[in-house]
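> After the structure tokens below, expect a handful of questions from me.
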Amino acid sequence: MCAEIQWLQSIGEALAPVDALMSMLSGFALILILTRLRVPISAAVIAGAVAVSLLFGQAPAATGRTLIEGFFRLDMLLLAIIIIVVIVLTQVMRETGRLQEIVASLRLLLRRPAVSMAAVPAMIGMLPMPGGALFSAPLVASAAAGADVEGSRLSAINYWFRHVWEFWWPLYPGVILAMTLARREAGVNDLTFLRFQLPLSIPMIFAGMLIFIGSHSDLHVSAPPAPAGTKRRLLRATAPIWLIILIYAAGQAMISGLKEWTGLDLSVEPWGKAPITLGLAVSLIWTIATSHLPGGKIAKIFTAGSIYKMVLIVMMVMVYKNAVEAVDAGRLMGEELAALHVPTAVVVAVLPLIAGIVLGVAVGFVGASFPIILPLVAARPDVSAYIALAYAFGHIGQMLSPIHICYIVSNDYFKTTNRAVYLRILPAAAATMTGAVGYFLLLRWVI
């Protein structure tokens with residue numbers, strides 16, 4: 001018995017330097033195991049949140065308070081409203097034939113179904129809305145109509161290409177936060193940040209082509225040139241989307257202007273969600289008003305049970321994120337890696353990667369890792385190379401996270417499993433990270 005106790009103590013001592021990391025990965029593993037056992041994802045995520053909180057030393061009562069506080073946060077309620085509006089707007093556009101018109105026009109203009117399937121979520125990806133993959137999923141499915149395409153491939157295409165601009169597109173909250181921290185901690189201005197981040201989209205786009213390997217030959221057949229008026233029909237059909245983007249951009253410009261002129265910062269939660277919420281609301285009202293759908297049909301869309309099932313899943317994900325933040329997991333993991341004297345480039349890559357996998361959201365991995373890694377590289381002349389490496393690995397981390405909202409809603413829509421979609425996107429993720437490392441080395445050599 002004494003020998004067994006000593007053995008357990010030696011294991012504990014060996015793991016002590018990475019206690020936070022092991023605790024975080026244990027909670028992460030629990031989520032994976034439970035979803036594998038077909039436990040509802042909302043219940044699995046809550047179990048992971050409880051496990052993380054307890055493993056980090058929070059008392060059961062404190063854990064309960066953390067979960068309750070996370071559930072009733074104002075930004076949580078706004079997120080629920082956003083998800084409801086996104087789903088309802090999608091349904092209204094489907095009922096009025098707008099989605100079909102978008103897909104038909106894109107297929108005519110792009111000529112190959114495979115190109116349309118990638119272009120649709122990429123276009124929707126210009127709009128940074130939580131769970132935006134749910135918006136593009138019906139379009140991807142329609143673009144593949146007539147071809148025998150597996151649900152896992154459809155979900156992987158929808159999910160992957162939805163996020164190809166998230167390295168640099170300045171409407172994304174994660175990019176905004178990263179720019180703010182890079183400017184404050186490392187003196188990197190916004191234009192420089194965007195200039196060095198933009199090329200990261202290239203390897204991700206090309207890596208996404210790996211998802212199409214082995215797909216149905218019909219997806220690659222080139223059609224005749226599009227007839228006259230196709231572009232005009234596409235612009236008309238996508239009007240609700242452009243309306244959202246315009247209002248969102250105007251709202252962000254107004255927030256930036258107020259901060260510059262008055263010092264009032266409305267970019268923080270919950271006000272930061274105001275532009276996208278307003279844009280979605282106006283777009284939905286306008287789309288319903290011009291749809292000529294009967295009131296009963298609209299009421300049926302609003303009361304569909306699938307909407308509120310999705311909202312519950314999203315809210316549980318945000319409760320998990322709140323639990324991770326409450327135990328200060330990002331800072332503790334960073335300190336552990338630094339104490340082990342891991343090379344700077346490895347810390348800069350690995351910490352955002354882990355944070356992305358664990359948190360499943362860009363603001364999460366930026367907020368958890370950038371305050372730790374930026375002081376390590378702020379004085380270097382090639383600081384922009386390290387920032388690009390950090391963001392690239394953090395982004396791929398969130399793309400591999402089973403609690404990424406877009407991953408969840410896309411898999412749910414196409415009725416596929418985590419494992420099946422992982423097998424589709426892992427090669428693309430590996431290729432993207434390889435490209436990011438190559439870009440990092442090139443920048444270090446050039447700068």
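> In nm, give the distance between the simple-model label positions of Lys297 and Thr434, each being 7 Å from the Cα along the Cα-to-Cβ direction.
For Lys297 paired with Thr434, the spin-label model returns 5.0 nm.
> If you don't mind, there's one more thing I want to ask. Suppose only helical runs count, i.e. DSSP H with n ≥ 4. What mean residue ellipticity at 222 nm does that imply for the chain under -39500 (n - 2.57) per run, divided by all residues and rounded to the nearest 500 deg cm²/dmol?
Details: 23 runs with 334 residues, N = 447.
The per-residue figure over the chain is -24500 deg cm²/dmol.
> Counting other beta carbons within 10 Å of each Cβ, put Thr238, Thr66 in order, fewest first.
Ranked by crowding around the Cβ, least crowded first: Thr238, Thr66.
> Using the Karplus curve 6.51 cos²θ - 1.76 cosθ + 1.60 with θ = phi - 60°, work out ³J(HN,Hα) for each residue of segment 360-371 in order, rounded to whole Hz, and write x for Gly and Pro.
Listing the rounded values in order: x, 8, 5, 4, x, 6, 5, x, 7, 9, 5, x Hz.
> I want the local charge near Leu21. Using Cβ-Cβ distances under 14 Å, sum +1 for each Lys or Arg and -1 for each Asp or Glu among the other residues.
So the environment of Leu21 carries a net charge of -3.
> Based only on Cα atoms, what Rg/Rh ratio does the chain have, Rh being taken as Kirkwood's radius?
Dividing the radius of gyration by the Kirkwood radius yields 0.98.
> Can you compute the modelled spin-label distance between Arg94 and Ile285, with each label point 7 Å from Cα toward Cβ, in nm?
2.6
> Extending each Cα 7 Å along its Cβ direction at Arg444 and Leu37, get the distance between those two points in nm, one decimal.
4.4
> If you don't mind, another one. Compare the peptides 54-60, 420-426 by average per-residue count of other Cβ atoms within 10 angstrom and give them in order, highest first. Could you put the intermediate results ahead of the total?
Numbers: 54-60: 14.9, 420-426: 18.1.
Most protected by this proxy first, the peptides run 420-426, 54-60.
> When a footprinting reagent is the concern and you count Cβ atoms within 10 Å, what order do Met254, Met123, Met399 take, fewest first?
Exposure proxy ranking, most exposed first: Met254, Met123, Met399.
> Still on this structure, I have one more. For the pair Ala228 and Arg65, what calculated FRET efficiency results from E = 1/(1 + (r/R0)^6), where r is the Cβ-Cβ distance and R0 = 51 Å, to the nearest 0.05?
For R0 = 51 Å, the calculated efficiency reads 0.20.
> Oh, and also: In what sequence do Trp160, Trp165, Trp286 fall when counting other Cβ within 10 Å, fewest first?
Going from sparsest to densest Cβ surroundings: Trp286, Trp165, Trp160.
> Over 32 Å between Cα atoms, which of Lys259/Lys309; Lys259/Lys300; Lys273/Lys415; Lys231/Lys297 qualify?
Working: Lys259/Lys309 38 Å; Lys259/Lys300 42 Å; Lys273/Lys415 30 Å; Lys231/Lys297 30 Å.
In this structure, Lys259/Lys309; Lys259/Lys300 lie more than 32 Å apart at Cα.
> Each residue of segment 81-91 in order: what ³J(HN,Hα) in whole Hz does its phi give by Karplus 6.51 cos²θ - 1.76 cosθ + 1.60, θ = phi - 60°, with x for Gly and Pro?
My calculation for segment 81-91 gives 4, 4, 4, 4, 5, 4, 5, 5, 4, 4, 5 Hz in order.
> Same structure again: Hey, in the GNM for the chain with a 10 angstrom Cα cutoff, which one of Leu67, Leu389, Leu234 fluctuates hardest?
For the chain, modelled as a Gaussian network with Cα springs under 10 Å, the answer is Leu234.
Only the coordinates and a few stated rules stand behind these numbers; no lab work does. Quick caveat, the model's predicted, so the values are computed rather than measured. When we count neighbours, we look across all protein chains shown, and the Cβ atoms used for this are built from the backbone with ideal geometry, even at glycine.
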